[in-house]
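Undergrad: Here it is: the structure, laid out below.
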Amino acid sequence: MTVTLPPYEDVVARYEPVIGLETHVELGTNTKMFCGCPTDFGGQPNTRICPVCLGLAGSLPVANKAAIEATIRIGLALNCTIATWCRFARKNYFYPDMPKNYQISQYDEPLCIDGWLDVEVDGELVRIGIERVHLEEDTGKTLHVGGATGRIHGATESLVDYNRAGIPLVEIVTKPIPGTGALAPIVARAYVTELRDVIRSLDVSDVRMEQGSLRCDVNTSLNLPGEEWGTRTETKNVNSLRSVERAVRSEIIRQASVLDAGGRIVQETRHFHEDTGDTTSGRSKETATDYRYFPEPDLVPLAPDASWVASLKESLPELPRLHRKRLQTEWGLSDLDMQSVVNAGAVELIEQTIAAGTTPEGARKWWLGELARRANETGIELAAVGASPAHVAELQRLVDEGKLNDKLARTVLEGVIAGEGTPAEIMTARGLEVVSDTGALTAAVDEAIAANPDVAEKIREGKVAAAGALIGAVMKATRGQADAKTVRELIISRLS
Amino acid sequence: MSDVTRLTATEIAALVASGDASATEITQAHLDRIAAVDDRVHAFLHVDTEGALAAATAVDERRAAGEELGPLAGVPVAVKDIVATKGVPSTAASKILEGWRPPYDATIVTRMREAGLVMLGKTNLDEFAMGSSTEYSAYGPTFNPWDLSRIPGGSGGGSAAALAAYEAPLAVGTDTGGSIRQPAAVTGTVGAKPTYGGTSRYGLIAFSSSLDTPGPCARTVEDAALLHAVLAGHDPRDSTSIPQPVPDVVGAARRGASGDLTGVKLGLVREFAGEGAEPGVMAAFHDAVDALTKLGAEVVEISCPNFQYALPAYYLIAPSECSSNLARFDGVRYGLRVGDDGAKALEEVMSLTRESGFGAEVKRRIMIGTYALSSGYYDAYYGQAQKVRTLITRDFTSAFERVDVLISPTTPFVAFPLGARTADPYQMYLADLYTIPANLYGGPGISVPCGLSEGLPVGLQITAPTLADDRMYRVAAALESAIGTLTPGELS
């Protein structure tokens, strides 16, 4: 079946989207939520398990205090109210990656409620309401083998790895976000980006979407102006920031085409496909599982002490948006320049480069120039490009000291990226240092004068601009390592 | 040597401590007794001969090395098969866990091993502790040593019968609605449910998490107190375990054994002292009350108006929790798996496994609980039952403002014939009518023999405020000093 989809601009001119985001963050605690097993990513399947996270008969959970603390800090950073008393609840459903066939989660008594997060979209602040932040345990991972698609259909065997089972998971749910119009996909992306940065600044998770430590479900609905909100769908399998934007956009277009054709939106879970950029129907929520939530009787209620919460609030780090504002002022950047730094994901890198002893201009030049270009070309993140802030600071220092010119510095940087060592080591090893020793250069200058009598004559006549040709010849003879300024001075003094 | 199986745990421990008997001899004598009678009693689901003898040898070696031994070192103990024991089958009397050998020990088992107790084996129970007669065991019923045609109570009928048949001097039970106390009553033994959280649940195959409490079973009050002291204490692996120190139950039992209850106020629960109980049970109970009065206790009648709602509230809370607790038995990771022929879908295999792995009573409770928790019914059933629980707690706390402990018969009737109550679940549930309130409240309760009715034992229940387990031991020991222990005739 081929359906001609309406153009996005046309859709958002006629319909108003309402979005909502549910984000899961795996906490970077040392141990799991309810037992002492390690939480490191990877590892041979079913090696980081014990009777508790395997749900063996008779085992009991004990809540991880570090995870509770991390959740409260997230809640505080999102301007939430922290519950003075709340409970875990059991969410009951059968699935083989759930060792107990229930998940210990929170239901009507979440740890943090009613907050907000400001995100910047096109230079304007959009305030995203936060409904709740709660704590739960992650499930195991099911792997279907023997089939073509990796999904259960057609598979000959299903394998379960419980290493992930019981890792603390924080769920952050926004309030519905109406009124963003055509910007809805960008707002969604900006929110997840900002949330990621906030959580990273708290140092409670590595928040890496590609490793699944940050996962996002996107709710989308459409309504006609002035009418009630439409039926929403929940899109899962949204595994990158770019996908968040694409998933919202694609779901807006799909829902519009259904509504345009006189159809109705089914409340359901949909799966986003990275390759095609569209969504397909998952399980319907109209015959939704009854999770039979009830308070977890194996755990005592959580009652965070008010003074503890106050001290956690006191010790929150400066949050990313404010931090960026401060840096922008310190670095003397325009809004536009700062925006390109943010977009390149270079804020922290530049900050660290400056801390390693370089000027804001020097740091920014490399990260937004040569390094950003290489990251783009190879499709990797700037932070993973192969040069560290310390490298960049050292490189720029060599330039500032006149030991490298820009061209040589780029060559040295290539060596750094290739893993040959520090800039100074590479400069020495490859013999790339600028030659500014006049004794060594005088011979080259004299040779150039002898080889270009016409040019030399012009300079003697006062046409100093002609010196460029002689400088070029000297540079060529010294394979670019001569200090251009010194060469120029030498030429003029010899010919005057 | 005389028959050591007739001795109390206290006496056995003294023999081992003095070197007059080795733990190995004591253990072997009990293993021989099990071999001689258990085909008739069926108290055990698994006898761990090798493990028991190895544990006994270890105690003997420690003694020979001059190590100081605990007060129960070398005493054999039988453990209800709902408690996880490392490397030893732990089935909860269910087909769904047939052959499962846990890779870990329950905390109470670890404590007993460290104290030098010798585990003889695992005792029979109603499947997942759901029942009052041990007839719902998937491996066949246990028979009451007082009359082999009658039930030994439940769910911990195996532990109680092992004591009454002199197969073990001590046993461990779990009490969710009366599963320690009611079997004790109908077998003429002593059984105590500690304060909820006083003994660790880690390693108890969960039936109803907010009610389950492991506790001691014995033939004397002092023996029960000694085992209680070993089992109890805070466990960081159980977050509902209480951090307060364990009351001195052994001291209280010894003080009570002097037979002086001067100044002790007993509250006779009006709602449990009349209708519903067999006349013979009430007669024995009233005789015991008279005996307690003679020991100096003051008896006042106390009304606990909400106790009448305890049974229905319990039969919503316990099934709700069990419907969730038992969800993990699906054939995916361990235990029984049915229908895994490579052609069936996972859900089908799960369903077939649970269909054939669980017995009828377990299924009944899973269904009741699933219904009670379902969306739209939660408030009317589970939510309402929790409110009743609060009211029952209030009845207890206001009663304990006036009296030190509450007393009642443990169960309305003596041991009934096998099959008499299996046709009507409600008739079966009535066996726990008097024991359930203490579980909903969380306080301790003990059943101690108080006489006979038509030749069968009757138990008297003493309940105390939470964390005041010592009070009930004092009263129980005093009663025991007045009327003695009960001894069944030889097995027919």
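The values are calculated or read from the model by the stated rules, or taken from the named source; none is laboratory data. As the structure is a prediction and not an experimental result, all values here were calculated from the model. Note that each Cβ is placed from the backbone with ideal geometry, even for glycine, and that neighbours are counted across all protein chains shown. Areas reflect the complete protein model, heavy atoms only, side chains present, ligands, DNA and RNA absent. Shrake-Rupley method; radii C 1.70, N 1.55, O 1.52, S 1.80 Å.
Undergrad: Under the rule a/c < 1.5 gives rounded, and otherwise a/b versus b/c splits prolate from oblate, where does segment B:303-430 land using the Cα gyration tensor? Intermediate values should be presented prior to the final figure.
TA: Details: a/c = 3.00, a/b = 1.87, b/c = 1.61.
Taking the square roots of the gyration eigenvalues as a ≥ b ≥ c, segment B:303-430 is prolate.
Undergrad: Sort B:247-254, B:333-340 by packing, meaning the average of other beta carbons within 10 Å per residue, with the highest value first. Working shown, then result.
TA: Working: B:247-254: 21.1, B:333-340: 17.5.
Going from most to least packed, we get B:247-254, B:333-340.
Undergrad: May I pose another question? Which of the lysines could a cross-linker span from residue A:65 if the Cα-Cα distance has to be under 23 Å and same-chain partners fewer than 8 positions apart are dropped?
TA: Straight-distance partners of residue A:65: A:32, A:91, A:100, A:313.
Undergrad: Report the full-extension gain for the segment residue A:81 to residue A:318: residue separation times 0.36 nm, less the Cα-Cα distance, to one decimal in nm. It would help to have the intermediate numbers written out before the result.
TA: Values: separation 237, 0.36 × 237 = 85.32 nm, distance 1.89 nm.
The span from residue A:81 to residue A:318 would gain 83.4 nm if fully extended.
Undergrad: Residue A:8 to residue A:206: FRET efficiency via 1/(1 + (r/R0)^6), r the Cβ-Cβ distance, R0 41 Å, to the nearest 0.05?
TA: Values: r = 34 Å, r/R0 = 0.82.
The calculated FRET efficiency here is 0.75.
Undergrad: Turning to a different aspect of this structure: I need to check one value: relative contact order of chain A, counting alpha carbon pairs closer than 8 Å and at least 6 residues apart, in percent.
TA: Values: 884 pairs, mean separation 68.3, N = 496.
Relative contact order for chain A comes out at 14 percent.
Undergrad: While we're on this one: Taking each residue in B:370-380, count the Cβ atoms of any other chain within 10 Å of its Cβ, then average. What number comes out?
TA: On the way: counts 3, 1, 2, 7, 4, 6, 1, 2, 4, 0, 0.
Average neighbour count from other chains, rounded to a whole number: 3.
Undergrad: Would you kindly find the accessible area of residue B:309, with a 1.4 Å probe and non-protein molecules such as ligands, DNA and RNA excluded, rounding to the nearest 10 Å²?
TA: Solvent-accessible area, nearest 10 Å²: 110 Å².
Undergrad: Taking the Cα-to-Cβ direction at residue A:108 and at residue B:402 and moving 7 Å from each Cα, how far apart do the two end points lie in nm?
TA: The modelled label-to-label distance comes out at 3.5 nm.
Undergrad: Along Cα→Cβ, 7 Å out, is where each label goes; now give me the distance between the ones at residue A:311 and residue B:114 in nm to one decimal.
TA: It is 3.0 nm.
Undergrad: I've got another one for you. How high is the relative contact order of chain B? Use alpha-carbon pairs under 8 Å, at least six apart in sequence, and give a whole percent. Walk me through the numbers on the way to the answer.
TA: Numbers: 1253 pairs, mean separation 88.6, N = 492.
Relative contact order here is 18 percent.
Undergrad: Follow-up question, since we're still on this one. Nothing charged except the Cβ atoms of Lys and Arg (+1) and of Asp and Glu (-1): what's the magnitude of the dipole of segment B:4-258 about its Cα centre? Round to the nearest 20 debye.
TA: Details: 20 positive and 28 negative charges, 90 e Å.
In debye, rounded to 20, segment B:4-258 gives about 440.
Undergrad: A follow-up question, please. For the ranges A:257-265, B:416-424, what's the packing order if you count other beta-carbon atoms within 10 Å of each residue, average per peptide, and put the highest first? Can you show the working numbers first?
TA: On the way: A:257-265: 12.6, B:416-424: 15.0.
Ranked by mean Cβ neighbours within 10 Å, highest first: B:416-424, A:257-265.
Undergrad: Mind checking how much accessible area A and B bury in total, 1.4 Å probe, in Å² rounded to 100?
TA: Values: alone 24590 and 17470 Å², together 39400 Å².
What A and B bury together is about 2700 Å².
Undergrad: Please compute the average number of Cβ atoms from other chains found within 10 Å of each residue's Cβ in peptide A:88-101.
TA: On the way: counts 0, 0, 6, 1, 6, 1, 9, 5, 8, 1, 4, 4, 5, 9.
Other-chain Cβ atoms within 10 Å of each residue's Cβ, averaged: 4.
Undergrad: Can you give the extra length, in nm with one decimal, that the chain gains between residue A:158 and residue A:329 once fully stretched, where that is 0.36 nm per residue apart less the Cα-Cα distance? Please list the in-between numbers first.
TA: On the way: separation 171, 0.36 × 171 = 61.56 nm, distance 5.53 nm.
Residue separation times 0.36 nm, minus the Cα-Cα distance, leaves 56.0 nm.
Undergrad: Based on the alpha carbons, how large is the Rg to Rh ratio for chain A when Rh follows Kirkwood?
TA: On the way: Rg = 29.8 Å, Rh = 26.9 Å.
That ratio equals 1.11.
Undergrad: Got a sec? Charge dipole of the protein assembly as shown, +1 on Cβ for Lys and Arg, -1 for Asp and Glu; which of B:390, A:57, A:311 is way out at the positive end?
TA: A:311
Undergrad: Give me the dipole magnitude in Debye, nearest 20, for the protein assembly as shown about the Cα centre, with unit charges on the beta carbon: positive for Lys and Arg, negative for Asp and Glu.
TA: Magnitude of the dipole: close to 820 debye.
Undergrad: Next question, about the same structure. Where a ≥ b ≥ c are the square roots of the eigenvalues of the C-alpha gyration tensor, would you call segment B:174-314 rounded, which needs a/c under 1.5, or, failing that, prolate if a/b is larger than b/c, or oblate?
TA: oblate
Undergrad: Between residue A:420 and residue A:343, what is the FRET efficiency for a Förster distance of 25 Å, r being their Cβ-Cβ separation, to the nearest 0.05?
TA: Working: r = 30 Å, r/R0 = 1.20.
The formula returns an efficiency of 0.25 here.
Undergrad: With a point put 7 Å past each Cα toward its Cβ, work out how far residue B:61 is from residue A:290 in nm, to one decimal.
TA: Inter-label distance under the simple model: 5.7 nm.
Undergrad: Which order do the peptides B:122-133, B:451-462 come out in when sorted by mean C-beta neighbours inside 10 angstrom, highest first? Walk me through the numbers on the way to the answer.
TA: Working: B:122-133: 30.5, B:451-462: 22.9.
Peptide ranking by packing, descending: B:122-133, B:451-462.
Undergrad: Set the Förster radius R0 to 22 Å, insert the Cβ-Cβ distance between residue B:68 and residue B:11 as r into 1/(1 + (r/R0)^6), and round the FRET efficiency to 0.05.
TA: 0.65
Undergrad: Among the lysines, which fall within straight-line cross-link reach of residue B:80, defined as a Cα-Cα distance under 21 Å, with same-chain neighbours fewer than 8 residues apart omitted?
TA: Partners within reach: B:95, B:122, B:193.
Undergrad: Counting only other chains, and only Cβ atoms inside 10 Å, what mean value do you get across the residues of B:92-102?
TA: Per-residue shielding by partner chains comes out at 1.
Undergrad: In chain A, what % of DSSP beta bridges are antiparallel (nearest 5)? It would help to have the intermediate numbers written out before the result.
TA: On the way: 55 of 59 bridges.
DSSP beta bridges in chain A are roughly 95 percent antiparallel.
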